[in-house]
Amino acid sequence: MKLRCLFYALFFSLFCKGTTVTLCKDCPVQNFKQALQVIKPYDTLVIKKGTYTCINETISKPITIIGENLPVLDGKQMDEVLVVMSNDIHLFGLAIANSKCGSMKDYAGLRVFKARNVTIENCQLTNTFFGIYLSDSKCITVKNCSGKGAHYGKSDTGNGIHLWKCDSISITGNHLEGHRDGIYLEFAKHCTIESNLCERNFRYGLHFMFSDNDTYSNNTFTGNGTGVAVMYSKGVHMFNNQFLNNWGDAAYGLLLKDMSNGIIKNNIFQNNTIGVTMEGGTNMRFEKNDFIQNGYGLKVMANCRLDTFVLNNFTGNTFDASTNGELKENLFEKNYWDKYEGYDLNRDAVGDIPYRPVSLYSVLVDQMPYAIMLMRSFTIDLLNKAEKNIPSIVPETFIDNKPIMKMIKRR
Amino acid sequence: MYRFLKALLFIVFTAVSIESCNNETPKINFGKDMCAFCKMTVIDEKFGALLINNKGKTLYFDCCECMVNYMKMDKDFHPEKILTIDYCNPRILIDAEKAHYLHGENIKSPMGGNIASFKTSEDAERFQKSLQGDLILWNKVLEIKF
């Protein structure tokens, strides 16, 4: 009986299949606007290679659009290019180009508004003000897309992928370049951001504002204006990311501001002016991260509480850590510091004397930036040594009581 | 010759005197300056603010709400000039105490304070038609908890 039911179901599903509308230069349907009018809900639109004008076209039926050999939807810099305003829309392999740029309205290449269950895959966005703009939406997948900002290298560009009031969004395998922020999240919950590459964006590679319970992992952020910023958010987890090459006056690998209950694990911070800077962080856990060749490895402000730093490697940083006052209730334990000069007599792989990562000189530089002139000089070495033996200026509580003797190998 | 020297002296003197009291109009370097309160790079040209104290120290902010929050936090700064950006004329700084403000949830200022500043009340009213929100003045802005 069951088998028969299944058979009938399969048989009828053959008839339920939607029809396909093809859009090409020699087809009956020749322009995109016409195609959208002709097509019925749950049909498939196949677009052949070519350039089609598409100025502020709204898709308000649940359809699937498949682009063959990357057809171009051109907005001619008149308005937005494509607007998605219905549930169950799937877009594959489209090139979206030339949206309008302007400071008064956020023009987007592809805007998704109040929709659920939308897929955007293998799309290419060129010369758009905002790339993909998702607002008031749920359950959306953005996968393997690429975006390049309109005003490459100028400050008046929009964000690559912009989320506003969204829930359960997955952003995977995208490449974003030359935008204001690569990926921007505001009021976005339960999002997963995975395996993306954000490079040379004007401000941040990734930017969180008021976005709780999100996870980002396996991403690479390199050469962005000032790095990655995670602000005013709760429960953001960061795993296996790489924060590379952010050099500059106010640049850092990762900025954490007013954050709580986050886990930062297995990340690499390399070649940044400041690896991680944290202000107002509560209950954050830094575990198994590598801080390699940064100006400052870690900058923890005095208003951070209940944070844990365990099993991290600090190698080749000019200053391992810095702070602006007394740290309270923060735990540093079992980290490897390459500047540690202690010994291990009982051979338990943990140093016998505690290590203070904040040197006198880093406190000095913090208060008098021009003291940087004396870097690596004999005077400074002498001062640091004196301070190490008779601590008086460096903060008392910034201390690793169990520093590890050997670097922790991960890869 | 004497006349020429006199003229030359005059030119040099004026040039020097202008140079010495060169009171450059303050401006924000978008994409470079960092907000003194939230540490974000100032980038949105429709929003932005600036404080100068009596010693000439300048602080930059990415939006009004950050400036107001900073003024509440750091009471020792004693600002002499309080400037904000005119929403209609991006990058142009205006006197914050004389400006007109529009406060409402359709205004997406960088730090979620939902406030924009305008030089004239006509501009503010014009934008109120499309963006809604309340028209307020500086003393009310200081009372808002951002």
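Among the candidates A:Thr128, A:Thr157, A:Thr192, which residue alone is surrounded by fewer than 20 Cβ atoms within 10 Å (Cβ to Cβ) and in contact (Cβ under 8 Å) with a residue 24 or more places away in the chain?
Numbers: A:Thr128 fails: surrounded by fewer than 20 Cβ atoms within 10 Å (Cβ to Cβ); A:Thr157 fails: surrounded by fewer than 20 Cβ atoms within 10 Å (Cβ to Cβ).
Checking each option against the conditions leaves just A:Thr192.
From the set of residues in segment A:252-266 that are surrounded by fewer than 20 Cβ atoms within 10 Å (Cβ to Cβ) and part of a loop (DSSP other than H, G, I, E, B), which is nearest to the other protein chains (Cβ to nearest Cβ)?
Of everything passing the filter in segment A:252-266, A:Asn261 is nearest to the other protein chains (Cβ to nearest Cβ).
Please determine whether any residue of segment A:284-294 is within 14 Å of chain B (Cβ to nearest Cβ) and either touching a Cys at 6+ places or on another chain (Cβ under 8 Å) or surrounded by fewer than 22 Cβ atoms within 10 Å (Cβ to Cβ) (or both).
Within segment A:284-294 (the criterion being within 14 Å of chain B (Cβ to nearest Cβ) and either touching a Cys at 6+ places or on another chain (Cβ under 8 Å) or surrounded by fewer than 22 Cβ atoms within 10 Å (Cβ to Cβ) (or both)), the answer is no, since none of the residues qualifies.
What's the number of the condition B:Lys81 fails, among (1) part of a loop (DSSP other than H, G, I, E, B); (2) of a type outside the set (A, V, I, L, M); (3) in contact (Cβ under 8 Å) with a residue 24 or more places away in the chain; (4) away from chain A (no Cβ under 14 Å)?
The number of the failed condition is (1).
Give the residues of segment A:196-232 that are β-branched (Val, Ile, Thr), closer than 21 Å to A:Ala251 by Cα and surrounded by fewer than 24 Cβ atoms within 10 Å (Cβ to Cβ), sorted by residue number.
A:Thr220, A:Thr222
Report yes if A:Asn346 is modelled with pLDDT of 90 or more and out of contact with any strand residue (DSSP E or B) (no Cβ under 9 Å at 6 or more places or on another chain), otherwise no. Even if it seems obvious, please write down each step before you answer.
Details: modelled with pLDDT of 90 or more: yes; out of contact with any strand residue (DSSP E or B) (no Cβ under 9 Å at 6 or more places or on another chain): yes.
Taking the combined requirement at face value, the residue satisfies it.
Is it true that some residue in segment A:21-44 is under 16 Å from A:Asn122 (Cβ atoms) and either touching a residue at least 40 places away in the same chain (Cβ under 8 Å) or crowded, with 20+ Cβ neighbours inside 10 Å (or both)?
Checking segment A:21-44: not a single residue is under 16 Å from A:Asn122 (Cβ atoms) and either touching a residue at least 40 places away in the same chain (Cβ under 8 Å) or crowded, with 20+ Cβ neighbours inside 10 Å (or both).
Which members of segment A:233-251 meet the condition of being more than 13 Å from the chain's Cα centre (by Cα), closer than 16 Å to A:Ser211 by Cβ and crowded, with 19+ Cβ neighbours inside 10 Å?
A:Ser233
If you take the residues in segment B:130-139 that are assigned to a helix (DSSP H, G or I) and at pLDDT 90 or above, which one is surrounded by the most Cβ atoms within 10 Å (Cβ to Cβ)?
Filtering segment B:130-139 for residues assigned to a helix (DSSP H, G or I) gives B:130-131, B:138-139.
Pick out the ones that are also at pLDDT 90 or above and you get B:138-139.
Values: B:Trp138: 18, B:Asn139: 8.
If we take residues in segment B:130-139 being assigned to a helix (DSSP H, G or I) and at pLDDT 90 or above, then B:Trp138 is surrounded by the most Cβ atoms within 10 Å (Cβ to Cβ).
Can you tell me which residue in segment B:11-32 is modelled with the lowest pLDDT, limited to those that are within 26 Å of A:Gly225 (Cβ to Cβ) and more than 13 Å from the chain's Cα centre (by Cα)? Can you show your working first?
Filtering segment B:11-32 for residues within 26 Å of A:Gly225 (Cβ to Cβ) gives B:24-32.
Adding the requirement that they be more than 13 Å from the chain's Cα centre (by Cα) leaves B:24, B:31-32.
Values: B:Glu24: 68, B:Gly31: 81, B:Lys32: 82.
The extreme case among them is B:Glu24.
Could you please give the count of residues in segment A:371-380 that are assigned to a helix (DSSP H, G or I) and either at pLDDT below 90 or among the hydrophobic types (A, V, I, L, M, F, W, C) (or both)?
Total meeting the criteria: 6.
Right, B:Tyr87: surrounded by 22 or more Cβ atoms within 10 Å (Cβ to Cβ), over 22 Å from A:Phe210 (Cα atoms), in contact with a Ser or Thr (Cβ under 7 Å, 6 or more places away or on another chain) and within 14 Å of chain A (Cβ to nearest Cβ) or not? Spell out the reasoning first.
On the way: surrounded by 22 or more Cβ atoms within 10 Å (Cβ to Cβ): yes; over 22 Å from A:Phe210 (Cα atoms): yes; in contact with a Ser or Thr (Cβ under 7 Å, 6 or more places away or on another chain): yes; within 14 Å of chain A (Cβ to nearest Cβ): yes.
Yes: the conditions hold for B:Tyr87.
The values are calculated or read from the model by the stated rules, or taken from the named source; none is laboratory data. Because the structure is a prediction, the values reported are computed rather than measured. Cβ: placed from backbone, ideal geometry, glycine included. Neighbour counts: every protein chain shown.
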